[in-house]
1. Return the residues of region 231-275 that are touching a helix residue (DSSP H, G or I) at 6+ places or on another chain (Cβ under 8 Å), of a type in the set (D, E, K, R) and in a helix (DSSP H, G or I); say none if nothing qualifies.
2. Would a scan of region 222-230 turn up a residue that is surrounded by fewer than 15 Cβ atoms within 10 Å (Cβ to Cβ), more than 31 Å from the chain's Cα centre (by Cα), modelled with pLDDT of 95 or more and not in a helix (DSSP H, G or I)?
3. Taking region 165-200 as the region of interest, how many residues are polar (S, T, N, Q) and surrounded by 20 or more Cβ atoms within 10 Å (Cβ to Cβ)?
4. For region 248-270, give me the residue count where each residue is under 25 Å from the mean Cα position of the chain (by Cα) and β-branched (Val, Ile, Thr).
5. Does region 22-31 include one or more residues that are assigned by TED's automatic domain parsing to the domain that holds Leu128, part of a loop (DSSP other than H, G, I, E, B) and in contact with a strand residue (DSSP E or B) (Cβ under 8 Å, 6 or more places away or on another chain)?
6. In contact with a Gly (Cβ under 6 Å, 6 or more places away or on another chain), surrounded by 15 or more Cβ atoms within 10 Å (Cβ to Cβ) and more than 30 Å from Phe88 (Cβ to Cβ): is that true of Gly257 in this structure?
7. Any idea which of (1) closer than 19 Å to Val187 by Cα; (2) touching a Gly at 6+ places or on another chain (Cβ under 9 Å); (3) among the hydrophobic types (A, V, I, L, M, F, W, C) is the one Phe284 doesn't satisfy?
8. Which members of region 65-95 meet the condition of being under 16 Å from Leu44 (Cβ atoms), touching a helix residue (DSSP H, G or I) at 6+ places or on another chain (Cβ under 8 Å) and not in a helix (DSSP H, G or I)?
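The values are calculated or read from the model by the stated rules, or taken from the named source; none is laboratory data. Worth saying up front: this structure is predicted, and the values here are computed from it rather than measured. Methodologically, a virtual Cβ is constructed for each residue, glycine included, from the backbone with ideal geometry; neighbour enumeration extends over all protein chains shown.
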Amino acid sequence: MEKNAEGPDIILISGISGSGKSSGLKILEDKGFFCVDNMPMVLLPKFFELGLSSRLKNILFVIDIREKSFLNKFESYIKFLRGKSAFFKFIFFDARDDVLIRRYSETRRKHPVAGNGISAAIENERRLLKKAKANADIVIDTSDINIRDLESALLSHIKGTSVGPFFSVKIMSFGFKYGLPLEADTVFDARFLPNPFFVPFLKELTGISREVGEYIMSFAESGEFIERIKDFLIFSLPLYRKEKKSYFTVGIGCTGGVHRSVFITEELKRRLENINGKYEISYFHRDIKK
């Protein structure tokens, strides 16, 4: 069936219980996919009637043995999904029996397939999903890989989707008097710079104003400090992304989070203009109104 060039990119994940489907869902959810876990397949037409009107670009369906109709009609469902998508992949997760048994022993979860013990349940599930596995575009064996390797394997198979940036950066100003931002990975302290708060005509302004910016930049150390932060980010961001971080938050702090840290954050926005889109950098002033 021909794909719909105007449709969303669709990934369908199924597989053996305990093989890591939930981890796959979390990975793709972090990458911008709208994720649906074990929706009754009979609702697919209605879902797309609503979903396409909302202009969803990336959709992940996770279907497993709990959705009984999938076993009997999965070929027709896959055909339906291929016809609705611009890009479609059916990915099947699997793992060795000994690994699955160990995972169920560690989590103490009940296996969704009836059987005389966990080994019998796994064997029964493999039989029920044998045909689905044979029709998968990709089979990923998660027996000997960690979550980081799973992410790399999964993303390598969905190249060609319109998934958004895999690495998101936030640069935020804050005031130390209100506490460190809990989400910050790196913090720069601007409290050594002269404080506009003690200049009467600047006190009621913020770091967004031209007057405050001119005052701060009248000190040579201000420009050097900002330039060193910029150089650090240009150097380190590719390395953090290489380490598979999805999010990286930089805190720029001063005493109250109104003058110095706000100006530096705004100035970084200007100086990092060439890489803003590359890393989906956002800028935020946490305490500017306090």
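1. Those that are touching a helix residue (DSSP H, G or I) at 6+ places or on another chain (Cβ under 8 Å), of a type in the set (D, E, K, R) and in a helix (DSSP H, G or I): Arg241, Arg260, Glu266, Glu267, Lys269, Arg271.
2. Here is the first cut: in region 222-230, the ones surrounded by fewer than 15 Cβ atoms within 10 Å (Cβ to Cβ) are 223-224, 227-228.
Filter once more, keeping what is more than 31 Å from the chain's Cα centre (by Cα): 223-224.
The next check asks that each one be modelled with pLDDT of 95 or more; those that pass are 223-224.
Now narrow it down to the ones that are not in a helix (DSSP H, G or I): none.
Within region 222-230 (the criterion being surrounded by fewer than 15 Cβ atoms within 10 Å (Cβ to Cβ), more than 31 Å from the chain's Cα centre (by Cα), modelled with pLDDT of 95 or more and not in a helix (DSSP H, G or I)), the answer is no, since none of the residues qualifies.
3. Narrowing region 165-200 to residues polar (S, T, N, Q): 168, 173, 186, 195.
Among the residues that remain, those that are also surrounded by 20 or more Cβ atoms within 10 Å (Cβ to Cβ) are: 173.
Within region 165-200, residues that are polar (S, T, N, Q) and surrounded by 20 or more Cβ atoms within 10 Å (Cβ to Cβ) number 1.
4. Quick first cut of region 248-270, residues under 25 Å from the mean Cα position of the chain (by Cα) only: 248-252, 265, 268-269.
In the following step, the residues that additionally are β-branched (Val, Ile, Thr) were identified as 249-250, 252, 265.
Going through region 248-270 one residue at a time, the tally reaches 4.
5. Narrowing region 22-31 to residues assigned by TED's automatic domain parsing to the domain that holds Leu128: 22-31.
Pick out the ones that are also part of a loop (DSSP other than H, G, I, E, B) and you get 31.
Then drop every residue that is not in contact with a strand residue (DSSP E or B) (Cβ under 8 Å, 6 or more places away or on another chain), which leaves 31.
Checking region 22-31: at least one residue is assigned by TED's automatic domain parsing to the domain that holds Leu128, part of a loop (DSSP other than H, G, I, E, B) and in contact with a strand residue (DSSP E or B) (Cβ under 8 Å, 6 or more places away or on another chain).
6. On the way: in contact with a Gly (Cβ under 6 Å, 6 or more places away or on another chain): yes; surrounded by 15 or more Cβ atoms within 10 Å (Cβ to Cβ): yes; more than 30 Å from Phe88 (Cβ to Cβ): yes.
So Gly257 fits the description; yes.
7. Result: Phe284 fails condition (2) only.
8. Passing the criteria: Glu67, Phe88, Phe90.
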